[in-house]
Structure formats: C-alpha cells, structure tokens
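Nothing in this text is a laboratory measurement; each read-out follows from the coordinates by a stated rule. Everything quoted here is computed from the prediction, not taken from an experiment. For neighbour counting, all protein chains shown are included, and Cβ atoms are generated from backbone atoms with ideal geometry for every residue, glycine included.
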Amino acid sequence: MKRRITLKINGKVYSHEVEPRMLLIHYLREVVGFTGPHIGCETSICGACTVALDEKIVKSCTMLAVQADGREVLTIEGLASNGTLHPVQEAFWNEHALQCGFCTPGMIMASKQLLERNPRPTDEQIRHALEGNLCRCTGYQHIVNAVRTAASRMGA
Amino acid sequence: MATTVTKAETLVGRRLRRKEDPRLITGTATYVDDIQMPGMHYAAILRSPHAAARIRSLNVQPALDHPGVAAVFTGADVAGVGPVPCGASLPGLRVPAHSVLARDRVYFVGHPVAVVVATDRYVAADALDLIEVEYQPLPAVANPEKALEPGAPAVHPEWPDNLAFTYHQEGGEPDRAFAEADVVVRQRIISQRLIPTAMETRGVVADYRGAEKSLTIYSSTQIPHLMRSLVAQMLGLAENRLRVITPEVGGGFGSKLNVYAEEALMGFVAMKIGKPVKWIESRRENFQCTIHGRGHVDYYEIAARKDGAVLGLRLKLIQDLGAYHQLLTPAIPTLSVLMMPGLYKFRNVSADILGVFTNCVPTDAYRGAGRPEATHGVERMMDLLAAELRMDPAELRLLNFIGADEFPYATATGLSYDSGNYAEPLKKALDLVDYHRLREQQQQAKASGRLVGIGISTYGEICAFGPSPATPAGGWESATVKIEPSGAVTVMTGASPHGQGEETTFAQIAADELGVPIEDVIVVHGDTAIVQYGIGTFGSRGTAVGGPAVYYALQDLKAKILKFGELLLESSDVTFSGGVCTCNRTGKTVTLAQIAAASYRAMKLPPNTEPGLVATHFWEPPNFAFPFGAHIVVSEVDPETGQVEIKRYVAVDDCGKIINPLLVDGQVHGGVVQGLGQALFEQAVYDQDGQLVTGELMDYAVPKATMVPWIESDHTTTPSPVNPLGVKGVGEAGTIGCSPAVVNSVVDALGHLGVRHLDMPLTPEKLWKLIQAGGQA
C-alpha cells in the first residue's frame with residue numbers, strides 16, 4: 001500500500017505516493033531528483049547521504065521517506081542561495097577539501113551543522129563532529145582546514 | 001589555501017583551487033547512480049554464500065514469476081560471453097576459466113550466480129530472494145600458506161597444489177653475498193589483505209540501441225578505453241559499436257583499474273531486454289566482490305658487513321591471489337620484486353614468488369600496488385639490521401643510499417632509476433623533527449616508563465607507468481588539444497582522472513603554453529566517443545605520462561600558430577608569447593583568437609599547412625619515473641590500552657617538479673592516511689571457511705577524522721629527466737612511505753621488551769596482549 005507524503009525540500013513543497021519501505025535517500029534521489037546526497041554504505045557509517053531534517057542532520061539511507069512526512073529537508077543542492085555559495089562550500093573549494101567529491105555533500109552538511117552549534121570549534125572538535133562522515137581521499141587534513149577557515153569567515 | 005593569479009603570471013607551480021570543484025560542492029556532479037533513463041531497469045545479483053561449493057540445482061522460475069521482473073539470467077545463459085580478462089602474462093601462468101556468472105561451481109563468497117532484472121530496484125532485490133539454489137558446500141582454503149600445505153583443499157580441482165605460478169628473479173651473486181656476510185638477519189613479514197573502499201562503490205548503466213547495434217556503457221572506472229576494448233571482445237561487439245563513458249568517479253585507488261564481470265554482464269542484459277539497465281554495487285558486494293589489495297606473506301633475509309654496508313637481499317614472496325585473476329592480479333607481486341632493493345646499493349638480490357590460489361576474492365592493484373609491500377619489507381629489514389648492529393637507523397640508511405652522483409642508476413632488479421638525491425629528504429626530515437634532541441627526549445620518556453618510539457622510512461617508488469614494453473596494453477598516454485575558432489581551448493586527455501585534479505593541472509599547463517587565462521581552457525576525459533584513445537589513470541601516471549602528452553600536443557599547436565602568425569603579419573620574424581604573435585620588426589600583433597579564426601576560415605593558408613588548430617600527441621615515455629622520500633613518525637603506545645598515538649608525522653616527498661602544490665598536499669595526506677589505515681586499523685579477514693568476516697564498514701576500520709594525526713608535509717625537488725615537465729607522480733607516495741615508518745616507530749617504542757618485529761595492523765588488542773606478556777608474542 002502506497003502512502004502519500006508531503007514535505008518541504010530545499011524550500012519547495014513536494015507531495016508523492018511512496019511505498020512505506022522506500023528509504024528517504026532513494027526518495028530524494030530517484031523520485032524528487034536531488035542526487036547531491038549519495039549512497040556509500042546503506043548502514044549509516046559513511047555519511048555520504050547526510051541531509052538536514054528540520055535543521056538536524058540525519059543519515060538519509062537509514063530513514064524511511066514516510067518518516068519525513070510533514071517535515072523539512074535540506075540537501076546540498078539547497079545550500080547555495082541565488083548562486084552564492086555557502087561559506088562552508090566556498091571554504092571546501094579554497095582549501096582543496098575534496099578530491100573525488102563523493103563524500104563532500106555529506107561532509108559539508110555535517111560541517112555546516114557543527115558551525116551552527118559551535119562557531120569557534122577547535123581542530124579536535126571539528127574532527128569529532130565529522131566522525132560520522134568517511135572520506136577516503138583527503139586524509140581529512142584539508143577538510144579540517146576548510147571548516148576552520150569557514151568558521152572565521154562566518155564569524156567575521 | 002588557494003591563491004588567485006593574474007594573467008601575466010605562469011600557472012604551473014601555483015596553489016590553484018580546482019576547476020572541477022563547483023559541481024562537486026553543489027551536489028550537481030553526475031556519478032553513475034545519478035543517471036536515469038526512460039524505461040530503465042535495475043539489476044540485482046545473486047551471490048554465493050559459500051567460499052567453495054557445487055551448484056546442485058538452480059531454480060529461477062519463482063523470481064521470473066514475480067511481478068515487475070523482466071528477466072533472470074544464469075551461467076548457462078551467458079555461455080556466449082567471453083571470460084573476465086586477465087591482462088598480465090607470466091611464463092607458465094595458470095589462468096582459470098572466469099565466466100561472468102558461475103557455471104556449476106562457486107569459488108569465493110560473493111561469486112556471482114544469477115542476475116535479476118526488474119522495473120524497480122526494490123523489486124529486483126525482492127526477486128533475488130525467490131531464486132532457489134541448492135549448494136553442496138566443499139572444503140575451502142582462505143589462507144595462502146595453508147593453501148600450499150600438502151592435502152589442502154584445491155581451489156581449482158585441476159591444480160591441486162594451488163599454485164598459479166612461480167617466478168624467480170635474481171641479480172648479482174646473492175649466494176656469494178650471503179656466504180661472505182658478517183651478519184644475516186631474517187624475518188617473516190606480512191602485508192595483510194586490504195579492502196580499497198572507494199567511497200563510491202562500483203556501478204554500471206548499459207544502454208543498447210538495437211537499430212544502431214550500438215551499446216553505451218557508463219561505468220565507474222579508471223580505464224574507459226581499455227574497458228571498451230576488453231568488454232567489446234567479451235560481448236563479441238566491434239569496438240566502434242561500444243562507447244564507454246566514465247561519469248564522475250567517486251574514488252578508485254586501483255579497485256576500478258579493472259574489467260569486472262558486471263560490466264559485460266550489464267551490456268549483455270541491455271542487449272537481451274532492449275532497455276537500459278542499471279546495476280549499483282552495495283557496500284557488502286563491494287567488500288566481497290571488488291578486488292582486494294596486498295595479501296603478502298614475505299620471508300626476507302638481509303646480508304651485511306659488520307660496518308653496516310648491505311650486501312644482499314633475499315625474498316620468498318607468497319602472494320594470496322584469490323580464486324581468479326582479475327586484470328593485473330599476477331603482475332602485482334612482480335612490482336614488489338622490482339622495487340625490493342629500495343633506495344639502497346643492493347647489488348645482489350634474489351626473489352621467488354609463489355602465486356597462490358585461495359577461496360577469496362582476487363587481489364589486484366590497490367594504491368601502491370606491490371610497492372608498499374616492497375618498501376615495508378626493505379624498510380623493516382633495515383631497522384632489524386640496525387638493531388642487530390646497534391646502529392642508528394638513520395645512519396644505516398645514509399650509509400647505504402645510492403649516491404646522488406650515480407644516476408641514472410641500474411638496479412640489481414633491472415631498473416634504471418631516473419634521478420634522485422636520497423639523502424636530502426631524509427636529512428630534511430631529520431632536521432624537521434630535530435632528530436638528536438628527539439632521541440634524547442625519547443630516552444627521558446622511556447626512563448619514566450612511557451612507551452615512545454621513533455620510526456623512519458625512506459622509500460623509492462616506480463611510477464609513471466610506463467614504457468609500453470613494460471606495461472600490459474601499452475604505457476603511453478594521449479592528448480588532443482583543440483583551439484576553437486573563438487580561441488577557446490579544449491584539452492582531451494586519455495588519462496581518466498577521478499579526484500586527482502587533472503582538469504586543473506592540465507589546464508595550468510595549457511594556459512601557460514598558450515598564454516591564455518585558465519578560464520578559457522576546458523579539460524575533457526572519460527568518454528571513448530570524444531577522447532581519441534587512452535590508457536587511463538593508475539600507477540601515479542596521470543600527470544607524469546598524461547601531462548607530457550598534453551605538453552607535446554601544445555608544442556605542435558604552437559608551431560602551427562606561429563605559421564599562421566607569420567602569414568597574418570606577413571613576416572618571417574615572429575614570436576608567439578602571452579597569447580599573441582608579435583612581429584619583431586614592426587611590433588604588430590595578432591591575438592590567438594584572430595589566428596584561430598583565420599585558421600578555420602582558411603582564406604589563405606601557410607605553405608604545407610592544414611586548416612584548423614587541432615593537434616593530437618601520443619606520448620611514449622622512455623622510462624618510468626622514480627619518486628622518493630622520507631617519512632618520520634613519533635608514536636606513543638598507551639600501556640593500559642595498547643592504543644598507538646601518532647604524536648608527529650613528518651613526510652618529505654620528492655615527486656619532481658610540482659604543478660599544483662595544493663593538489664600535491666592533498667595526494668600526500670590521502671596517501672599517508674591510507675598507509676596509516678594499513679599500519680594501524682585495516683584488515684580484510686576471512687575465517688577458515690572462507691567467510692568474509694569484515695563484510696561491511698561496521699567491521700572494516702577505514703580511518704575516521706579522529707583517528708589520524710596532523711601530517712607535516714614538505715618536499716625536495718629533483719626533476720625527472722624522463723619527461724619535459726620534470727614531474728614524477730605523487731598519487732601513491734604517501735601510502736608507500738607510511739606503513740614502515742609507523743611500524744618502525746612502534747617496534748622502537750617496545751624494543752626494550754625484546755620486540756623486534758610486529759605485523760600489521762597494530763591494533764590495541766595486539767599491542768596490549770604483547771605488553772601484558774612482557775614482549776613475548
């Protein structure tokens with residue numbers, strides 16, 4: 001039995017009939033077409049699927065679409081406004097905080113939430129906040145640099 | 001932090017942020033799973049739960065009857081599809097028949113048995129569960145040394161000794177060197193199986209247009225052109241009827257330097273059902289079915305004089321191959337043999353490889369591919385020798401390095417090292433850590449009961465693969481540079497970067513050579529219908545082999561630009577510089593855009609000159625390039641928990657000339673952390689029945705941000721004489737240099753307990769038990 005869900009994604013309202021078992025990540029990617037969040041493990045370890053649900057990040061690979069009914073989702077596609085990159089996006093670019101880019105959407109969402117909660121994180125706090133997001137390319141060092149510089153930009 | 005550059009400055013050598021990033025940081029890049037097509041179907045693959053079994057019966061009817069299922073195919077259906085290719089050849093190599101789906105027997109956990117095709121990925125997964133298979137489990141062997149024991153289960157019944165090949169190489173007079181040595185040190189050293197774990201798993205979309213008899217395969221691969229040639233063969237297609245497109249690739253590290261069953265299988269399915277089909281590997285499948293790396297058991301012997309001069313090195317290398325040969329499986333350990341002398345003057349070496357079948361997924365190239373194993377071996381042996389002779393490990397290395405005046409240097413394994421100054425990075429690293437003071441501090445710390453260690457590794461790397469005679473399928477790389485009528489520049493490279501950043505570095509080279517802004521240059525790759533031909537990105541070759549191809553294509557173009565400049569300026573005394581041709585007598589100029597327009601308009605042509613501004617160059621490297629460096633690690637082991645803390649990590653790498661230091665830093669950091677993963681955390685574990693115990697990210701410890709140290713990265717610069725850019729390659733350096741430095745540091749920390757060697761990964765459990773037992777393993 002399909003169920004109708006209605007939710008806001010990146011500021012716009014969407015409404016679809018979905019199977020109750022459909023994962024939120026599949027709904028976002030395949031039904032609505034937001035392919036920014038990625039599927040890296042389907043076990044909520046890697047964090048490539050990270051999106052914000054009511055302003056709190058979740059792993060959308062281990063959540064059902066019906067659980068997001070009536071709520072508000074922000075994906076990487078919704079981060080830049082009017083063509084202006086979010087300071088975290090800009091910092092990732094400047095600091096070479098990505099290589100293959102597959103983990104990047106999730107990594108940026110997690111970094112953004114950290115800075116909203118803690119505008120002046122230490123390196124240790126940055127690393128701790130990104131523990132739920134795996135990157136196999138960068139060794140994390142440039143990501144730490146990016147979050148640190150984004151923090152000073154956002155604080156300025 | 002990236003810098004901004006004004007047009008007059010040269011771009012090569014600058015820390016430029018990447019051209020490829022805007023699409024990646026906004027979530028608008030297209031990876032293979034982002035592709036959707038009208039009528040697209042989804043494939044799911046049934047895989048063996050047994051490491052070895054006979055398939056007694058297989059009933060797919062219940063799956064076929066499931067609503068939404070379009071087709072199910074088994075081994076019998078794909079009998080016409082050619083075998084999964086092995087590109088490596090060795091004398092006497094035994095190559096098992098490797099069908100894209102199992103026939104009557106399975107050889108490893110994850111072996112593909114059947115494929116279900118349905119309208120929806122959920123339906124395909126449902127139907128998979130409806131297939132009825134009756135397996136008769138057989139004895140399996142997952143450990144290469146056990147596989148060599150008499151009476152071990154035969155992985156392939158036709159070869160009861162489980163030996164795929166043996167390989168011997170020697171140089172100099174090793175027997176005499178060992179007979180004359182004052183000291184001989186022996187050690188068994190394991191380089192464990194690792195799972196490459198690119199963050200994007202593999203995936204394939206296949207789209208067949210029956211009326212045109214043309215197949216397009218989108219695959220997350222490092223080698224689109226080689227894949228096209230090989231998959232066309234497997235499917236019996238003419239090469240020009242197959243187009244391979246590499247969309248954005250979410251990491252490879254060697255695991256996508258391959259042609260897998262699924263690429264041909266999806267092509268087969270698309271041709272059968274007449275609809276596009278998508279298969280995306282799950283993480284579990286990725287761990288079970290995509291190649292693993294390493295898998296060595298090495299027996300080393302080093303011979304030396306009592307003054308520390310090394311005389312000889314012997315190696316017996318047992319390579320766990322897995323059940324089949326993937327593209328380069330048997331070739332990987334031969335790279336270890338080539339690099340076994342490291343940076344030292346070993347004139348007498350001898351190596352024997354035993355390539356062993358096991359009931360496991362095949363091993364193949366994983367970042368470093370054979371060189372991390374070699375470096376780990378020789379660098380552990382140098383430390384063991386230093387301990388035996390009570391010499392300082394840095395001094396022992398400096399004593400035995402090939403001299404800076406000895407290049408090109410012919411090694412005992414038949415290589416010609418291109419250029420180097422091996423003492424320089426080590427001395428720089430020693431200065432950076434203030435080595436003598438550090439040793440004093442270590443003594444004080446140890447006196448107060450703390451377990452602090454200092455580990456050194458120096459490495460040499462064979463990369464920039466490579467001269468064609470030494471590389472299966474050719475070792476050249478190609479580039480086409482096209483200046484459009486407007487003056488905009490398009491570079492088409494046969495390299496297939498997937499995170500390394502050549503869209504930026506090749507644009508830097510082109511912008512400098514042509515004197516145009518980098519914004520005017522676009523770099524295109526990864527589409528066999530657009531790019532002339534190519535070999536791909538692996539073995540630290542993208543910049544070192546692909547870069548010179550771009551450079552030489554640009555030289556051809558510049559010669560042509562000059563001819564048109566002479567024509568338009570009506571002068572034979574013309575220079576091309578900064579994007580304009582200038583007549584040196586009159587000072588008159590024409591811009592590149594004007595020249596480009598004139599070259600296509602072709603109202604007048606210079607003598608013996610074709611219209612247009614397009615040049616293609618296939619560059620054959622005359623030799624490999626050999627980067628090198630020194631890594632120093634300071635670590636401390638917590639005696640209460642066995643946890644290793646890396647207090648300092650200093651990497652001094654020499655990768656020749658650097659095109660973009662920001663990107664080189666990224667390569668070093670990423671490489672080092674993969675090395676740390678091997679040294680401290682990661683291990684692919686099969687139990688005795690051949691079950692993969694580390695089957696998910698839950699059980700396989702990929703380093704997280706909290707698990708890795710700050711890396712202090714520095715460089716020395718010794719240009720390579722092999723190519724006109726002077727570059728060497730840096731993609732694998734970090735991984736190669738890292739693991740022995742870490743292990744040497746921990747052995748040093750525990751040396752007073754009598755510990756002389758430790759095998760990776762150095763887990764807290766392993767070290768805690770060792771400390772509890774007073775150093776006795």
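Which order do peptides A:62-74, B:497-509 fall in by mean Cβ count within 10 Å, highest first? Before the final figure, lay out the partial values.
Values: A:62-74: 17.4, B:497-509: 27.4.
So the peptides A:62-74, B:497-509, ranked by packing, come out B:497-509, A:62-74.
Label-point separation (nm) for A:Thr43 and B:Glu388, each offset 7 Å from Cα along Cα-to-Cβ?
4.2
If you scale each eigenvalue of the Cα gyration tensor by 5 and take the root, what three semi-axes come out for the stretch B:254-324, rounded to whole angstrom and sorted largest first?
Working: eigenvalues 436, 24, 20 Å².
Working through the eigenvalues yields semi-axes of 47, 11, 10 Å.
Could you check the simple spin-label distance between A:Asp123 and A:Glu17, using points 7 Å along Cα→Cβ, in nm with one decimal?
Here the answer is 5.6 nm between the modelled labels.
Once fully extended, how much extra length lies between B:Leu605 and B:Glu620, figured as 0.36 nm per residue of separation less the alpha-carbon to alpha-carbon distance?
On the way: separation 15, 0.36 × 15 = 5.40 nm, distance 3.12 nm.
Roughly 2.3 nm would be gained on extension.
Where both partners of a DSSP beta bridge lie in the stretch B:180-276, what percent of those bridges are antiparallel, to the nearest 5?
Working: 6 of 10 bridges.
For the stretch B:180-276, the DSSP antiparallel bridge percentage is about 60.
Along each of its three principal axes, how wide is the spread of alpha-carbon positions in the stretch B:365-477, in whole angstrom units, largest first?
Dimensions of the stretch B:365-477 along the principal axes of its Cα atoms: 58, 33, 27 Å.
Which net charge results when you count Lys and Arg as +1 and Asp and Glu as -1 among the other residues whose beta-carbon is under 10 Å from that of B:Pro137?
On the way: positive: B:Arg54; negative: B:Asp689.
Cβ neighbours under 10 Å give a net charge of 0.
How far apart, in nm, are the 7 Å Cα→Cβ label points at B:Thr30 and B:Ala470?
3.9
Per residue of A:33-44, how many C-beta atoms from partner chains lie within 10 Å of its own C-beta, taken as a mean? Spell out each step's value before the answer.
Working: counts 2, 1, 9, 7, 1, 8, 8, 10, 12, 6, 6, 2.
Per-residue shielding by partner chains comes out at 6.
Using a cut-off of 11 Å between beta-carbons, work out the net charge of the residues near B:Ala412 (Lys and Arg +1, Asp and Glu -1, B:Ala412 not included). Provide the component values of the computation, followed by the final result.
Numbers: positive: B:Lys345, B:Arg347; negative: B:Glu170, B:Glu173.
Here the charged neighbours net out to 0.
Take every residue in peptide A:74-81, count the Cβ atoms of other chains within 10 Å of its Cβ, and give the average of those counts. Walk me through the intermediate numbers first.
Values: counts 0, 1, 5, 3, 1, 3, 5, 0.
Other-chain Cβ atoms within 10 Å of each residue's Cβ, averaged: 2.
Stokes-Einstein diffusion coefficient for the stretch A:87-155 at 4 °C in a medium of 1.567 mPa s, Rh from the Kirkwood formula over Cα pairs: what value in µm²/s? Let's see the in-between values first.
Values: Rh = 11.4 Å.
D, rounded to a whole number, is 113 µm²/s.
Taking square-rooted eigenvalues a ≥ b ≥ c of the alpha carbon gyration tensor, is the protein assembly as shown rounded, prolate or oblate, where a/c under 1.5 means rounded and, failing that, a/b exceeding b/c means prolate? All intermediate terms of the calculation are to be shown ahead of the outcome.
Details: a/c = 1.32, a/b = 1.06, b/c = 1.24.
Here the protein assembly as shown falls in the rounded category.
In µm²/s, what is D for the stretch A:39-130 at 25 °C and 0.890 mPa s, where D = kT/(6 pi eta Rh) by Stokes-Einstein and Rh is the Kirkwood radius from Cα pairs? All intermediate terms of the calculation are to be shown ahead of the outcome.
On the way: Rh = 13.9 Å.
Roughly 176 µm²/s, to the nearest whole number.
How would you rank B:Phe108, B:Phe624, going from fewest to most other Cβ atoms within 10 Å of each one's own Cβ?
Starting with the residue having the fewest Cβ neighbours, the order is B:Phe108, B:Phe624.
Applying the Karplus parametrisation 6.51 cos²θ - 1.76 cosθ + 1.60 with θ = phi - 60° to the phi angles of the stretch B:460-471, what ³J(HN,Hα) value in whole Hz is obtained for each residue in order, glycine and proline being reported as x?
Whole-Hz 3J(HN,Hα) from phi for the stretch B:460-471: x, 9, 8, 8, 6, 5, x, x, 4, x, 9, 10.
Multiply the residue gap between B:Asp161 and B:Ser486 by 0.36 nm, knock off their C-alpha separation, and tell me the result in nm, one decimal place.
Working: separation 325, 0.36 × 325 = 117.00 nm, distance 6.57 nm.
Taking B:Asp161 through B:Ser486 to full extension adds about 110.4 nm, to one decimal.
Rounded to the nearest 500, what is chain B's calculated 222 nm mean residue ellipticity when only DSSP H runs of at least 4 contribute -39500 (n - 2.57) each, over all residues? Spell out each step's value before the answer.
Working: 19 runs with 207 residues, N = 777.
So the calculated ellipticity at 222 nm is -8000 deg cm²/dmol.
Quick one: grab the alpha carbon gyration tensor of chain B, order the square roots of its eigenvalues as a ≥ b ≥ c, and give me rounded if a/c is under 1.5, else prolate or oblate depending on whether a/b is larger than b/c. Before the final figure, lay out each step's value.
On the way: a/c = 1.88, a/b = 1.09, b/c = 1.71.
Oblate, because a/c is 1.5 or more while a/b does not exceed b/c.
Between beta-carbons, use under 14 Å as the cut-off and find the net charge around B:Met391, counting Lys and Arg +1, Asp and Glu -1. Please report the intermediate quantities before stating the final value.
Values: positive: B:Arg305, B:Lys306, B:Arg390, B:Arg397, B:Arg439; negative: B:Asp182, B:Asp307, B:Asp383, B:Glu388, B:Asp392, B:Glu395, B:Asp748.
After counting each charged neighbour, the total is -2.
Could you state the orientation-averaged shadow area of the convex hull built on the Cα atoms of the stretch A:3-78, in nm² to one decimal? Spell out each step's value before the answer.
Values: hull surface 16.7 nm².
That works out to 4.2 nm².
Can you give the mean number of other chain Cβ atoms that lie within 10 Å of the Cβ atoms in peptide B:690-699? Intermediate values should be presented prior to the final figure.
On the way: counts 0, 0, 0, 0, 0, 0, 4, 8, 4, 1.
Whole-number average of other-chain Cβ neighbours for B:690-699 is 2.
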